[in-house]
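**Student:** The structure that follows is given in the form of structure tokens.
Only the coordinates and a few stated rules stand behind these numbers; no lab work does. In this text, all values refer to a predicted model and were calculated from it rather than measured experimentally. All Cβ positions, even for glycine, are placed from backbone atoms using ideal geometry, and neighbour counts span all protein chains on display.
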Amino acid sequence: MTTPSAPPPCAHLAAHRLTSRPLRFLRRCLRVRPLGRPEIRRDAREVPRCSPCPASSQPPPRLYACLTCATVFCPSHAASHAASAPAPGHQIAVDVDRAELFCAACGDQVYDPDFDHAVVLAQSTALHPPSASASPPSASASPAAPRKRRRVDYRAWAPDPAEVALVRSADPTTSASAAEPAGLRGLNNLGNTCFMNSVLQALLHAPPLRNYFLGDRHNRFLCPRRTPMRHRTTDAEAKAACLACDLDEIYSATFSGERTPYSPAKFLYSWWQHATNLASYEQQDAHEFFISILDHIHENIKDDQPKSHEQGDGDCCIAHRVFSGILRSDVICTNCGFSSTTFEPCMDVSLDLDSGHNNCLGVANPKPHARNGMSSKVSTLMRCLERFTRAERLDAEQKYFCERCKERQVSLKQMSIRRLPLVSCFHIKRFEHSTVKKMSRKVDHSLQFPFSLDMTPYLSSSILRSRYGNRIFPSEACDSDAVSELPSEFEIFAVITHSGKLDAGHYVTYLRLNNQWYRCDDAWVTRVDEHTVRSSQAYMLFYVQKTLYYKACERAAAV
């Protein structure tokens, strides 16, 4: 295979150089527009038009001026002008609006270094005019080459003692006005993207995640994976796009103090590059989007950590350090009492609505139980958690293979939470799917949820204590969570709600900032009361450890 050679230079331009003066003489006709675009004009008020074209015709997109006779013509009359000229040398022209050389005989653009040097020098002079105090150059000095702007490398900000004192005296994530907390900014709907806006509002105000990005822990200007969106041409470059960098840009925009709605178009485009199967303007599930975002942030940031951690450790990236917890599953054989324990990392907890009146699809629901005289028609978050950690009987086709009995036996399976994350996300299963009737529907029952939540009854340590009492077995002795006390008190800070039907609905986020609730409906942000939040149809609930929540509130009150 032979390597393709470069096209030969234009013979008409070479002949023009031999018979005419250098093209640097056009410098006096160069004019530079305010944005730096050069053009050819003998007079600034001149309006060129094609001579052969009638005056009533529509102006052509390109106009060329002959370098020999200064005749202006359009691309349609370029070849005829070059052929009908009485003398040679009329083939080379210049684009009057773009200052580019054009060969009328070849019908293509051509390049001349002298002319290009004149254009660059004119642009440099227009963009950086010499100061009045500058001394004029000597006559013997050679013409100066166009000066290039010196490139300054990015340097991380290092605070001085005064700035350190200012940062310690006030929380930079809150504003002095309690009526308008920092970061409270609407997000424009880009076309059925309310699912994205609702999740982004919750992520933007998750205290540990917010402090990570606002603390410059992931700087988009220093990220080695950063690829500007305009340069993402190939599939490999698209996959290399860093979603964490785009999220860092959203944090900078929302906490900049601006109140006008922000358009997360770049973030949406980057997410489409990662989740190509969801790249469309159709309505998507907010919970599915939430898990997808955390997975891609994990893929982008996990290699930046100084140590390599497993995903289940919860310390491999900021997404897992904030949202990752560990679930414990115990399967106990009812015949011999053998217990099999497995641990599984989780980014959220999906809960079934504990109501026995939503069973029109044939979905098997256990009999609901009342607590403290509460009606079984009302679902509460505590009852959903109790149902999640309640022992479940595995019989019939669900029999578990017992390693001690060496056969399938009727067993009891019980879930519990071994380790709590900094931010707990609870996903309420409001969409039921029946494989028998081949239909789906949305459960519109309301859910009562507390603003302060104690997770102690649902921890593995509490479940094991209720199962075995104060006895300690060898299998549980090595489990640190069974004997240690973990922070278990949480405060709610975000609620994502869904209104409408299964196939056509709308997502809205309620944010709790400085003990005041705000309704984020895409670009619209309004203040609401607690009753409005409690009466909404919660789809995703976000709780943060109480110590982290009140620490931010105390700093805001001090300001």
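**Student:** Based on the mean of other Cβ atoms within 10 Å per residue, sort peptides 535-548, 94-107 so the most packed one is first.
**Tutor:** Most protected by this proxy first, the peptides run 535-548, 94-107.
**Student:** While we're looking at this one, here's another question. If each of Arg390 and Ala253 carries a label point 7 Å out from its Cα toward its Cβ, how far apart are those two points in nm?
**Tutor:** With each label point 7 Å from Cα toward Cβ, the separation is 4.6 nm.
**Student:** Also: Which order do the peptides 339-348, 184-193 come out in when sorted by mean C-beta neighbours inside 10 angstrom, highest first?
**Tutor:** The densest-packed peptide leads the list: 184-193, 339-348.
**Student:** For the pair His506/Phe401, report the inter-label distance in nm, with labels modelled 7 Å from Cα in the Cβ direction.
**Tutor:** 5.2
**Student:** Which whole-angstrom value gives the distance between the alpha carbon centres of segment 516-539 and segment 243-289?
**Tutor:** Comparing the Cα centres of segment 516-539 and segment 243-289, I get a distance of 21 Å.
**Student:** Want the number for Thr19 to Gln109: 0.36 nm per residue separation, take away the alpha-carbon distance, what's left?
**Tutor:** 30.4 nm is the gain from fully extending Thr19 to Gln109.
**Student:** Quick one: which residues, 5 or more positions from Tyr539 or on another chain, have an amide H under 5 Å from its amide H? H modelled 1.01 Å from N in the peptide plane, none for Pro or chain starts.
**Tutor:** Ile496, Thr497, His498
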